[in-house]
Amino acid sequence: MRSALIFGALGLVLAYLIVSGRTAGGEWWSLVVASGLAAFAVSYVLWRVLSSPGRPFSARRGALAGALTGLLAHPVAWYLAVIWNYLRGNALFPDSKPIGPIEGLKASFVFAFFGLLLTGWLTVPAGAIAGWLLERRKGK
């Protein structure tokens, strides 16, 4: 449990550092918050599933949990941003209408695809390294 929370917190910090450096203006703040929440939730779940206390030590499994977090947190973050903006009555992008929760499911995967092209080269390896290091620390 403690390792999963640490891994989730690492995901939150990495997401904040990556997204906040790439956004300009207050309209993107929802994506910064959504990225952190998505990274925390996805990494927590994956760490619990792949590196639970009953499983033997495996740095490879930690790296897999981290890499998957770097990949899967993207659509979750976009969907959270869509929902947040929809509830506030704001458009996600300037000069557009708010996207509803149903349309947001499909849109989040489209946005995540482009997000992975822009930042996936950083989030997937960073997550893998963080997971590998944390699992190695756990094994000592």
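What follows is calculated from the coordinates using simple rules that are stated; it is not laboratory data. This structure is a prediction, so every number in the text was calculated from the model and none was measured. Note that each Cβ is placed from the backbone with ideal geometry, even for glycine, and that neighbours are counted across all protein chains shown.
Quick notes on this structure:
- Placing unit charges on the Cβ atoms of the charged side chains and taking the dipole of the stretch 25-140 about its Cα centre, the candidate lying farthest along the positive direction among ALA112, LEU133, TRP84 is LEU133.
- Nearest-0.05 FRET efficiency for LYS97 and LEU122, computed from C-beta distance (R0 30 Å): 0.45
- Report note on the peptides 40-46, 67-73, 91-97, 123-129: ranked by the mean count of other C-beta atoms within 10 Å, highest first, their order is 67-73, 40-46, 123-129, 91-97.
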